[in-house]
Number of protein chains: 2
Amino acid sequence: MATRDYAVTTGADVRLAARDGKHTGPTSGLAPGFLQANMLVLPVEYADDFRRLCARNPVPCPLIAESSDLGSFNSVTGCTPRLTMKGCDLRTDVPAYMVYNDSKLVKSHCRDIKDEWTDSHVGFLIGCSYSFETELAAAGLPPRHVVLDRNVPMYRTSLALCPSGVFTGSTYVVSMRPYKKKEIEQVRAITRRFGATHGEPIAWGWEAVQSLGICDIDVPEWGDAPLTEDGKPLSETRERGDRDEEEEVPVFWGCGVTPQEAVMRAGLKGVVMAHAPGHMLVLDAKDEDIVS
Amino acid sequence: MATRDYAVTTGADVRLAARDGKHTGPTSGLAPGFLQANMLVLPVEYADDFRRLCARNPVPCPLIAESSDLGSFNSVTGCTPRLTMKGCDLRTDVPAYMVYNDSKLVKSHCRDIKDEWTDSHVGFLIGCSYSFETELAAAGLPPRHVVLDRNVPMYRTSLALCPSGVFTGSTYVVSMRPYKKKEIEQVRAITRRFGATHGEPIAWGWEAVQSLGICDIDVPEWGDAPLTEDGKPLSETRERGDRDEEEEVPVFWGCGVTPQEAVMRAGLKGVVMAHAPGHMLVLDAKDEDIVS
């Protein structure tokens, strides 16, 4: 990794580096121990429906904080006091943004959204799974994509979200990390405690690929294709047909791309903004602040 | 309705009548305006998994209160202060109970559970849809089963719950009320405000019957078969093939039978207790206390 001339030790460090245009890349691995969040900024007329969408679907859409007041970008109120944050700027503190107008992408990976943010926008922060990945690694169960320095594979599914107002017809997006059958109960127990960042898996085993309506485990809709330990397509594990506890199977979690997909599918009018994939908002709260 | 020699005007009235053995029947229509709740009583070793099951699946499993302390039957703490209740007795205040031992039914419609309740039991109260039915009726959209004095039809579906610990492999149970297509947005708007009692529908239209994996709309797993206004099987509406806004279609909500099904399917050890279907615990809180 290239040497940086700016600090990325705390959440505030990363936000400041993004604000100053020094850090424009992904945030994975930065400010270890600090919570990272997905961000969605919506016109206020959709805010109530979106809050209810999250409340009805907390596993894929864990809403952890939102703008303290209508239009406020420098203060968010958390679902618990520790997630409340002041002195941020939601318009500049994410390393890269996406901007949509009338549900069409109009800017990709831009540095700020100062021109787009208005007094009638509301920013929403959604939990992300980086928190529990650290904990899995600490327990000797590092996710495969971390070991191989790849992106986590993410898939569209046919599993319906509970609709809310304008947000109808959407389905879960899931992330996938392969584990051996004998490891699954430990993986479930570790991630279960991270209720604000997707919690325990929603499904596991090869039979879940079909029940979730995933077309091809080797072709995720987002992220990188999943590999075996020796770098082959994950589906080859299945073809090997081991049926013992050493067999590796896909394990699926709710994914923070879900609310973005729901927003895109709803055909919203006006300007919607989001972080660019992998370029998260890093908070002042720590991972342990959200563990139960 | 037969004249009663006991009051059923308030939640406390109904609880006292049940405690005294005077009221042993269903609670539908009693103490109008007071919240009614499903009850489940579990051994403490399953309590954390059950709380998380509800937190992960709030639409079908809206947990609204639980025993204030381990083993306490005379005080429940609500998810909001108004749902907290003292001076009740969860062992006697439900008109009829079901008792399961090692997941097998051992008593049906018994009057109390004093002998079964131990210091290591926890009582959980789950919201029920009576609240929004009152509001639908007030808006001129009374549910069909209310008009025809029948029970609401309820169905098993193939829609997966997010698992939690021992509670794996379960699916949504849904209730169904038919409405005309042109009425659906109003029905959604009215019930949306009742977030603590299932909220807005999860699916609607004839296509939802298939997507939810319901075998036969005329044969619900619980409750009475749904009928058209003129008393024919509801499926005949479909066969009529109207495609306009006057067409009546099934509308599905999350149902409080879901957590009971999840508990039964988990194969729990020890003594589990529940209210008998339709024989709810009536609370001191009012419907308006849970509306947002």
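Summary table below
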| quantity | calculated |
| --- | --- |
| Qualifying residue in the stretch B:24-34 (condition: assigned to a strand (DSSP E or B) and either closer than 22 Å to B:Ala276 by Cβ or open to solvent by less than 40 Å² (accessible area, probe 1.4 Å) (or both)) | yes |
| Check on B:Thr197, more than 21 Å from the chain's Cα centre (by Cα) and open to solvent by less than 20 Å² (accessible area, probe 1.4 Å) | no |
| All positions within the stretch B:197-211 that are under 14 Å from B:Ile290 (Cβ atoms) and more than 10 Å from chain A (Cβ to nearest Cβ) | B:Thr197 |
| Residue match in the stretch B:66-76 (condition: open to solvent by 60 Å² or more (accessible area, probe 1.4 Å) and within 14 Å of another protein chain (Cβ to nearest Cβ)) | no |
| Selected residue (only one of A:Ala208, A:Ala274, A:Ala203 is touching a residue at least 40 places away in the same chain (Cβ under 8 Å), in contact with a Phe, Trp or Tyr (Cβ under 8 Å, 6 or more places away or on another chain), farther than 30 Å from B:Val166 by Cα and open to solvent by less than 30 Å² (accessible area, probe 1.4 Å)) | A:Ala274 |
| Residue identified as of a type outside the set (Lys, Arg) and over 30 Å from A:Lys104 (Cβ atoms) among A:Glu261, A:Glu221, A:Glu246 | A:Glu246 |
| Residues located in the stretch A:211-232, provided they are at pLDDT 95 or above and open to solvent by less than 20 Å² (accessible area, probe 1.4 Å) | A:Leu212, A:Ile214, A:Ile217, A:Pro226 |
| Scan of the stretch B:57-77 for residues that are among the charged types (D, E, K, R) and not in a loop (DSSP other than H, G, I, E, B), ordered by number | B:Glu66 |
| Enumeration of residues in the stretch A:173-193 that are within 10 Å of another protein chain (Cβ to nearest Cβ) and either at positive phi or touching a residue at least 24 places away in the same chain (Cβ under 8 Å) (or both) | A:Arg193 |
| Scope the stretch B:205-234; condition closer than 14 Å to B:Arg144 by Cβ and not in a loop (DSSP other than H, G, I, E, B); matching residues | B:Leu227, B:Pro233 |
| Any hit, the stretch B:140-157, residues being under 28 Å from B:Ser211 (Cβ atoms), within 14 Å of chain A (Cβ to nearest Cβ) and crowded, with 20+ Cβ neighbours inside 10 Å | yes |
| Number of the condition not met by A:Leu268 [criteria: (1) more than 14 Å from every other protein chain (Cβ to nearest Cβ); (2) surrounded by 19 or more Cβ atoms within 10 Å (Cβ to Cβ); (3) assigned to a helix (DSSP H, G or I); (4) out of contact with any Cys (no Cβ under 8 Å at 6 or more places or on another chain)] | (3) |
| Residue count for the stretch B:113-130, restricted to those that are at pLDDT below 95 and over 20 Å from B:Thr77 (Cβ atoms) | 2 |
| Residue in the stretch B:235-256 that is modelled with the highest pLDDT, counting only those that are farther than 27 Å from A:Leu161 by Cα and not in a loop (DSSP other than H, G, I, E, B) | B:Glu236 |
| Filter result for B:Arg91 (surrounded by fewer than 17 Cβ atoms within 10 Å (Cβ to Cβ), basic (Lys, Arg) and away from chain A (no Cβ under 14 Å)) | no |
| Qualifying residues in the stretch A:50-59 (those that are in contact with a strand residue (DSSP E or B) (Cβ under 7 Å, 6 or more places away or on another chain) and either within 9 Å of chain B (Cβ to nearest Cβ) or farther than 14 Å from A:Ala262 by Cα (or both)) - the one surrounded by the most Cβ atoms within 10 Å (Cβ to Cβ) | A:Val59 |
| Subset of the stretch B:158-172 that is more than 10 Å from chain A (Cβ to nearest Cβ) and either among the acidic types (Asp, Glu) or open to solvent by less than 20 Å² (accessible area, probe 1.4 Å) (or both) - its residue that is farthest from the chain's Cα centre (by Cα) | B:Phe167 |
| Close pairs from the stretch B:12-23: first of a type outside the set (Ser, Thr, Tyr), partner in a helix (DSSP H, G or I) and open to solvent by less than 90 Å² (accessible area, probe 1.4 Å), Cβ under 7 Å, at least 6 apart | B:His23/B:Val14; B:His23/B:Ala17 |
| Positions within the stretch B:273-292 being within 16 Å of the chain's Cα centre (by Cα) and of a type in the set (Asp, Glu), in sequence order | B:Asp287 |
| Flag if A:Leu161 is in contact with a strand residue (DSSP E or B) (Cβ under 7 Å, 6 or more places away or on another chain) and either over 30 Å from B:Arg188 (Cα atoms) or polar (S, T, N, Q) (or both) | no |
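The values are calculated or read from the model by the stated rules, or taken from the named source; none is laboratory data. Since this is a predicted model, take the numbers as computed values, not measurements. FYI the Cβ positions are ideal-geometry reconstructions off the backbone, even for glycines, and counts take in every protein chain you see. Accessible surface areas use protein heavy atoms only, side chains included; no ligands, DNA or RNA. Shrake-Rupley method; radii C 1.70, N 1.55, O 1.52, S 1.80 Å.
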